[in-house]
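One structure is given here, and the rest of the page talks about it.
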Amino acid sequence: PQVSRSRPVSVEGSIVIRRPVEDVFAYVATPENCTQWNFLLKEAYALEPGPPKVGTPWMIKASLLGRRLEQIIRISEYRANECLEFQTERGPLTITFRFTFARQAAETRMTYTWIAHLSEIFRFTHPLLSRIVSRSASIMSRRVKALLEEQALP
């Protein structure tokens, strides 16, 4: 018998950041920076040395609904200062993270889409998880904006 999959949790949004697109893209494309604004992540790092490119894997360690999650995500699209997308390669959730960047004079519009397909371990908590992801996305987008606009980057 085929196991039915619950519908995905999907969150979309965009923010305008008062920084040049190059700064915003470089910040978001550095895995170690994710833990500063994504409070669900406890650790994030690239598994291969060198500049990011399509195919580069990252390890992310998170805590969700009291569960410790370890996911390997791989860059599935990378166009400098335009688009960055990751997809899960291994872990309990199938996730796509997509960020697009648009230059607006000296500002940047960053649009994000997060889609998570739930595995059996989260099937019964889908409504709660949907609310957590939606609320978290809004907090994270505000945090990215604040970090980039209020702190001087090296």
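The values are calculated or read from the model by the stated rules, or taken from the named source; none is laboratory data. Just so you know, these numbers come straight off a predicted model, no measurement behind them. Here the Cβ is made from the backbone with ideal geometry for all residues, glycine too, and neighbour counts use every protein chain on show. Accessible surface is based on the protein model in full, side chains and every heavy atom, while ligands, DNA and RNA are left aside. Shrake-Rupley method; radii C 1.70, N 1.55, O 1.52, S 1.80 Å.
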Identify, by number, the condition in (1) farther than 27 Å from residue 21 by Cβ; (2) surrounded by 14 or more Cβ atoms within 10 Å (Cβ to Cβ); (3) in contact with a helix residue (DSSP H, G or I) (Cβ under 9 Å, 6 or more places away or on another chain); (4) in contact (Cβ under 8 Å) with a residue 60 or more places away in the chain that residue 144 doesn't meet. (1)
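Here is a yes/no grid of residues against (1) aliphatic (A, V, I, L, M); (2) open to solvent by less than 70 Å² (accessible area, probe 1.4 Å):
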residue	(1), (2)
32	no, no
36	no, no
44	yes, yes
50	no, yes
53	no, no
61	no, yes
64	yes, yes
Taking the range 81-94 only, how many residues are open to solvent by 40 Å² or more (accessible area, probe 1.4 Å) and assigned to a strand (DSSP E or B)? 4
Would you pick out the residues in the range 1-15 that are loosely packed, with under 14 Cβ neighbours inside 10 Å and at pLDDT 90 or above? 12, 14
Failed criterion for residue 39 (all others in (1) of a type in the set (A, V, I, L, M, F, W, C); (2) in a loop (DSSP other than H, G, I, E, B); (3) within 20 Å of residue 80 (Cβ to Cβ) hold): (3)
Counting only residues that are open to solvent by 60 Å² or more (accessible area, probe 1.4 Å) and assigned to a strand (DSSP E or B), which one in the range 95-112 is farthest from residue 27 (Cα to Cα)? 104
